[in-house]
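The values are calculated or read from the model by the stated rules, or taken from the named source; none is laboratory data. All values reported here derive from a predicted model rather than from experimental measurement. Note that we place each Cβ from the backbone using ideal geometry, even for glycine, and neighbour counts take in every protein chain shown. Protein only, heavy atoms only, side chains kept; ligands, DNA and RNA dropped before computing areas. Shrake-Rupley method; radii C 1.70, N 1.55, O 1.52, S 1.80 Å.
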Amino acid sequence: MNPAERLGPQEEKQRYDQHENNPSSAGYQAFFEPLIQGIDDYFKAAGMSPSQLSVLDFGCGPTAVLSQLLASKGYKAFNYDLYYHPDQEQLRRTYHFVTSTEVWEHLYNPRQEIERQLRLLKPGGILAVMTSGHRGEASFHDWHYRRDLTHVVFFSEKTMKWIANHFKLQLIKSKSPYWIFQKLF
């Protein structure tokens, strides 16, 4: 999005306040299940149990539903959100994995923010992202996802593969809207 067309911080937060991130909604919880399953499968295959693992829910929103779901499975979950959980201390630690759900499409400087999220990972850690991938120029104009005024940048499968290559990550799950990257070193 053209930076001149972006919402200001107060307007942006007002828009986020309208999101319905109800922690007791079964549908909202189910929305996270494919990502949680990918995380569980990855660490189970590595022989690690949730109680050994720390996670940062980066951009957790006001209710931090994903970190609550992960904590209920035994993961040590922490939260960070620019507007709702702005504790900078969480950005001074490293984690076994970082989740960033419905966040990347809001990033004004994606490269800088992806680099920051990768710095938060321990070697071999994973970055679990949820953002809807667009299917190309022909369908972009009619795509509902681009109409949200807080969505300022968009990704495709091709973009995610480029990100993996550029940042020397392994893309271990690649099915929109779920993307899981492993930090190789």
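In cubic angstrom, how much convex hull volume per residue do the alpha carbon atoms of segment 133-185 span?
Details: hull volume 4.5 nm³, N = 53.
It is 85 Å³ per residue.
If one computes the Cα centroid of segment 62-82 and of segment 123-154, what distance in Å separates the two points? Each part's Cα centre sits 23 Å from the other's.
What order, most packed first, do the peptides 21-34, 164-177, 120-133, 93-106 have when packing is the mean number of other Cβ atoms within 10 Å of each residue?
Values: 21-34: 13.0, 164-177: 14.5, 120-133: 19.9, 93-106: 21.4.
The densest-packed peptide leads the list: 93-106, 120-133, 164-177, 21-34.
Once every DSSP H run of n ≥ 4 in the chain is given -39500 (n - 2.57) and the sum is divided by its residues, what mean residue ellipticity at 222 nm do you get, rounded to the nearest 500 deg cm²/dmol? Can you show the working numbers first?
Values: 6 runs with 61 residues, N = 185.
After summing the helix terms and dividing by the residues of the chain, the value is -9500 deg cm²/dmol.
Surface composition of the chain: carbon and sulfur atoms hold 51% of the protein heavy-atom accessible area at a 1.4 Å probe.
Its relative contact order, with pairs defined as Cα atoms under 8 Å and 6+ residues apart, puts the chain at 19 percent. The mean sequence distance of close C-alpha pairs (under 8 Å, at least 6 residues apart), as a share of the length of segment 87-147, puts its relative contact order at 40 percent.
Across the chain, what fraction of all alpha-carbon pairs, as a whole percent, falls in each successive 10 Å bin from zero upward? It works out to 9, 38, 39, 14, 1, in whole percents. In this Cβ point-charge picture (+1 for Lys and Arg, -1 for Asp and Glu), the chain has a dipole of about 780 debye about its Cα centre. Counted over the chain, the DSSP beta bridges are approximately 45% antiparallel. Estimated at 0.36 nm per residue, the fully extended path between S54 and T159 surpasses their Cα-Cα distance by 35.0 nm.
Rounded to the nearest 20 debye, the dipole magnitude of segment 1-50 is 100 debye, with +1 charges on Lys and Arg beta carbons, -1 on Asp and Glu beta carbons, and the Cα centre as origin.
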